[in-house]
Amino acid sequence: MEILSQISQLNKTGAVIKKPNVGIIIRSFNRGGAEVLIREMFDNKRFNEATGICDLIILDSKRLELLKDLKNVNYYIINIFSSPLLSFFIEYRKLYKLLKLKQYDVLHVHLPNAAIILRLLKFLMPKLRLVYSEHNIVDSYKKITYLLSGLTYYKDNHTIFVSREVEACVNRHRKSSFYNYKNGSVIINGINVHKFYSTDKNNGHYTKNYLTVGTVVSFRKAKRLDRWVETAAAVRGKYPLLNIKFILAGIGPEKAAIDEMILQKKLTDYIEMPGLVINTPEIYNKLDIFLMTSEFEGLPVALLEAMSCACVPVISNVGGIRDLDFDDFGYKYESFDADILANVIADYYTNKSKVIAERNKARKFIVENNSLEKQVEGYLNIYKNVMDNS
């Protein structure tokens, strides 16, 4: 069977095309943007056909929420981050032994904590080929993560930046021995545009007598959900007669504080909070406007998913969002002002034809610029180049 498989992979010159054996490594597998992207990659036909073995290696046993979504995927849990200190080296040795046994052609590492672990391991295993995806603005990292990541950046064979803004941020910090990457490429995050699609919203009609504004988000400080709530309060205060609904979906460490803020502003009957949402397209398909008030972002996957589901973006123009080059639909703001955002939302309420036109433009933009297929091809080309040049 192996011989037949190799014969089927002959290129036009008659040479055997080797499918790379890939290990994808990340600290956790919860519902973050990077984790969701990995889940979608494993489900992508082109990615599966072009790779040989493709395993998932998780370094924290306490954060495994998305594992149940994976089918026919080999995964390994090396409990480096959530093990007691005395067990750290035991778990580290397990990772060493696994990588030595599996002999992956490429290790694709996501997010800084996992990358630091693999870069340190490369001192013991210098033949490891590391591809690292930088998903965030490095300014946002905790100080120890920022320092350790910067000092070990040079160990990667190739660095992938999820946006030009992420690349520019790393370059601002780059020195001879700090954030000094060998090779770098910008590969914009992509999503499954067939999965994130709304038949109802793309039919060119608007049959509701209300407007729905919402988001699906991790309740973290960087998301500035206090501003999100302030915007909802401003809409209600300035336009109490407009039939506008707000949906704030998600969970996270800041949820208790946001719950308290909503209670104080007497918005509990105005903002629907469904909590953790497994089937996110179900929420996106309810929304007319995707409201995002983040202080910084790499390139938010939730925004791409929402736009693919024909949601009009009303968003802070920060981080990798600046790489989304559109100006004929939606609204990007540079400086937060709840009253201005309330006016923007009210304008959409009174102009349903504008909503119809712009949600179709949002969908078209993602299909043309941020499909998962483009991201997959970019990854596969990098894997090949790393294998050929090391």
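Within the range 142-155, the presence of a residue that is under 21 Å from the mean Cα position of the chain (by Cα) and within 29 Å of Arg363 (Cα to Cα) is excluded. Within the range 91-106, being within 22 Å of Tyr379 (Cα to Cα), aliphatic (A, V, I, L, M) and out of contact with any Phe, Trp or Tyr (no Cβ under 9 Å at 6 or more places or on another chain) holds for one residue alone: Leu99. Going through (1) in contact with a strand residue (DSSP E or B) (Cβ under 8 Å, 6 or more places away or on another chain); (2) part of a helix (DSSP H, G or I) one by one, Lys332 falls short only on (2). Whenever a residue of the range 178-189 is open to solvent by less than 30 Å² (accessible area, probe 1.4 Å), its partners that are assigned to a loop (DSSP other than H, G, I, E, B) and among the charged types (D, E, K, R), lying with C-beta atoms within less than 9 angstrom and at least six residues away or across chains, give the pairs Tyr181/Asp156; Tyr181/Arg174. Would you point out the residue of the range 228-248, among those that are within 18 Å of Ala306 (Cβ to Cβ) and touching an Asp or Glu at 6+ places or on another chain (Cβ under 8 Å), that is most open to solvent (accessible area, probe 1.4 Å)? Taking the candidates together, the pick is Lys245.
Listed here are the residues, each with its yes/no results for (1) farther than 30 Å from Val106 by Cβ; (2) crowded, with 16+ Cβ neighbours inside 10 Å; (3) of a type in the set (S, T, N, Q).
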| position | (1), (2), (3) |
| --- | --- |
| Ser335 | yes, no, yes |
| Tyr348 | yes, yes, no |
| Ala357 | yes, no, no |
| Phe365 | yes, yes, no |
| Ser371 | no, yes, yes |
| Ile382 | no, yes, no |
| Asn389 | no, no, yes |
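Inside the range 73-164, counting only strands (runs of 3 or more DSSP E) that do not spill past its ends, which hold 2 or more residues that are open to solvent by 20 Å² or more (accessible area, probe 1.4 Å) and without any contact (Cβ under 8 Å) to a residue 40 or more places away in the chain? Spell out how you get there, then give the answer.
Values: elements: 75-77, 106-110, 130-134, 158-161.
Qualifying strands (runs of 3 or more DSSP E): 75-77.
When you scan the range 38-72, how many residues do you find that are open to solvent by 70 Å² or more (accessible area, probe 1.4 Å), touching a residue at least 40 places away in the same chain (Cβ under 8 Å) and farther than 19 Å from His194 by Cα?
1
State all residues of the range 306-320 that are closer than 18 Å to Ser198 by Cβ and assigned to a helix (DSSP H, G or I); if no residue qualifies, say none. I'd like the intermediate steps shown before the answer.
Of all residues in the range 306-320, those closer than 18 Å to Ser198 by Cβ come to 306-314.
Scanning the range 306-320 gives Ala306, Met307, Ser308.
The values are calculated or read from the model by the stated rules, or taken from the named source; none is laboratory data. Note that this is a predicted model, so its numbers are computed, not measured. Because the Cβ atoms are built from the backbone with ideal geometry, glycine has one as well, and the counts that use them run over all protein chains shown. With ligands, DNA and RNA removed, areas are computed over all heavy atoms of the protein, side chains included. Shrake-Rupley method; radii C 1.70, N 1.55, O 1.52, S 1.80 Å.
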